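First the structure, in the form of structure tokens, and then the observations on it.
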Amino acid sequence: MPRARIVIDRDFTIGDVPRRLFGSFVEHMGRCVYTGIFEPGHPEADERGFRRDVLALVKELGPTVVRYPGGNFVSGYRWEDGVGPAEDRPRRLDGAWHTIETNAFGLHEFVDWAREADVEVMEAVNLGTRGVEEARALVEYANHPGGTYWSDLRRRNGAADPFDIRLWCLGNELDGPWQIGHKTAHEYGRLAQETAKAMRFVDPDLELVAVGSSGRSMPTFGTWEHTVLTHAYDEVDYLSMHAYYQERDGDAASFLAEAVDMDAFIDGVVATIDAVKAAGNHRKQVDISFDEWNVWYMEGLDTDDQPGRVAKGWREHPRLIEDTYSVTDAVVVGTFLHSLLRHGDRVRIANQAQLVNVIAPIRAEENGPAWRQSIFWPFARMAEHARGQILRLAVDASQVPTAKFGDVDVVDAAATWDEENGRIALFVANRSLREHSEVAVELRGLDVTGVRAAEVLTVPEGADRNAANTQEAPDAVGLVPLRGVAVEDGVLRATLPPLSWAVVQFDVARA
Ligand code: AHR
């Protein structure tokens with residue numbers, strides 16, 4: 001049986017758990033907003049049109065911060081279209097997703113929804129078709145108390161108090177040729193620098209995210225980050241990363257090891273940031289906002305009527321990239337969360353893309369029900385239980401061969417130590433498709449005093465690794481108790497089923 005020995009030492013910590021690591025993303029894309037979080041007339045909608053059934057699932061999922069309004073959408077968006085009396089708002093062509101944008105939902109609605117969902121707003125400005133002027137106007141509209149053109153307009157539109165949005169993205173994926181207003185690194189670096197300056201003239205207390213590469217395979221990856229930061233290092237606080245992964249050609253073993261790629265991608269961006277810091281003699285540290293990540297089956301960039309294309313015709317909220325996630329996808333998502341947590345000293349913000357319907361942990365049907373996808377579970381449990389300090393684990397594990405990464409650890413893990421409550425949360429995945437894996441956790445400087453809870457997500461009995469939750473069977477895949485977790489001679493032992501992701505919480509005392 002494959003084995004893993006995990007050593008936890010009280011003195012080996014990575015840093016505090018950044019609560020913003022458990023972020024999500026709401027884009028005006030497909031049915032994320034319309035018929036996702038917002039559907040006036042739905043039996044579960046409140047008086048503002050917010051779906052209460054979806055809100056309940058969002059609260060259960062537990063995201064801490066939600067990025068809005070895009071994504072590719074933001075690069076052609078006029079934020080002014082989404083404020084003011086709903087009946088006066090213009091209908092526009094959204095070139096990013098070939099969709100009619102009604103603007104029935106805009107900034108005020110999102111801020112209200114975010115309050116209801118108890119999440120922080122992370123707002124993106126359009127640096128595709130727009131620039132410094134529109135960005136600083138938006139900051140004035142959102143954050144200035146009153147007595148000026150834009151802040152008084154906000155007040156007239158019903159929000160007497162400022163929205164007080166602290167976290168802002170300076171555009172989206174502007175390194176990508178698909179982006180409306182695609183730029184070279186020099187063009188973007190200068191624009192980001194000047195926009196950041198102007199936004200801070202309005203409100204000095206902002207946290208700003210510069211656009212990094214849209215993926216590790218972009219031809220400009222590395223030089224983009226270097227050039228952008230050479231211009232804008234002093235003005236920004238974070239550099240973004242985006243990554244989407246999928247199983248290719250039935251190669252599940254490589255897919256299950258993609259966190260190896262995520263680890264290397266993060267290490268590469270950290271190295272580039274720090275090289276610019278050293279070369280420029282900068283004092284402050286720029287960190288990472290991994291503000292789009294997930295599993296996404298890109299060849300299925302399909303719609304309900306035209307596979308392979310973004311959308312047919314110009315319609316309101318077409319069904320776009322509504323991937324259905326399997327057990328395999330959930331285990332991989334668990335390992336991505338491990339990777340983010342292991343890098344929590346530098347990845348301070350991360351947003352799973354997206355929240356509802358569009359490559360999302362939550363699905364919702366128009367005028368119908370909402371349910372949790374398989375990938376909901378690792379996110380929900382980690383958002384809930386990753387508290388306190390991130391532990392630096394020493395893992396010695398059996399190897400599994402993969403075509404893409406060579407031999408990799410059969411077990412992938414991350415853990416946190418909540419000293420105040422005397423609790424450790426261990427998050428652990430078994431990448432073996434066929435075999436159980438035995439895990440032994442040894443502690444140094446801490447004693448296990450009891451096992452509080454242990455749950456596992458794996459292939460349900462009688463099903464295969466493609467099992468998924470659907471409208472008809474919304475609870476086919478979920479967490480079940482992980483039996484047999486035991487403490488012997490101070491060592492915590494658990495046996496993980498093949499292809500599984502587990503969370504074990506145990507109580508500890510200082511030794
Ligand atoms: O999340 C879907 C899309 O993926 C976003 O709009 C874009 O930023 C990325 O390419």
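Key figures
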| quantity | calculated |
| --- | --- |
| Solvent exposure of region 53-139 as accessible area per residue, Å², 1.4 Å probe | 33 |
| Rounded to whole Hz, the Karplus (6.51, -1.76, 1.60) HN-Hα couplings of region 471-480, x for glycine and proline | 4, 6, 10, x, 10, 5, 10, x, 8, 10 |
| 5 angstrom amide H check on Ala453, placed H, neighbours 5+ away | Gln505 |
| Dipole in debye (nearest 20) - region 80-195, about Cα centre, beta carbon charges: Lys, Arg +1; Asp, Glu -1 | 260 |
| Whole-angstrom gap from region 232-280 to region 134-176, using each part's C-alpha centre | 30 |
| For Thr230, solvent-accessible area (1.4 Å; no DNA, RNA or ligand), Å² | 90 |
| Solvent-accessible area, 1.4 Å probe, carbon plus sulfur percent, for the chain | 47 |
| Degrees between helix 132-143 axis and first principal axis of the chain (Cα, 0 to 90, nearest 10) | 70 |
| Compactness index (Cα Rg / 2.2 N^0.38 Å), the chain | 0.97 |
| Separation between Cα centres of region 76-116 and region 467-511, rounded to whole Å | 42 |
| Surface per residue (accessible, 1.4 Å probe) for region 206-252, Å² | 36 |
| Protection proxy ranking of 338-346, 319-327, 68-76 - average other beta-carbon atoms within 10 Å, highest first | 68-76, 338-346, 319-327 |
| Relative compactness, region 1-148, computed as alpha-carbon Rg over 2.2 N^0.38 Å | 1.30 |
| Nonlocal amide H pairs with Gly215, under 5 Å, H built at 1.01 Å | His242 |
| Among 457-465, 191-199, the order from most to least packed when residues are scored by Cβ within 10 Å on average | 191-199, 457-465 |
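The values are calculated or read from the model by the stated rules, or taken from the named source; none is laboratory data. Everything numeric here is computed off the predicted structure, so don't read it as measured data. Neighbour counts run over all protein chains shown; Cβ positions are idealised from the backbone, glycine included. Areas reflect the complete protein model, heavy atoms only, side chains present, ligands, DNA and RNA absent. Shrake-Rupley method; radii C 1.70, N 1.55, O 1.52, S 1.80 Å.
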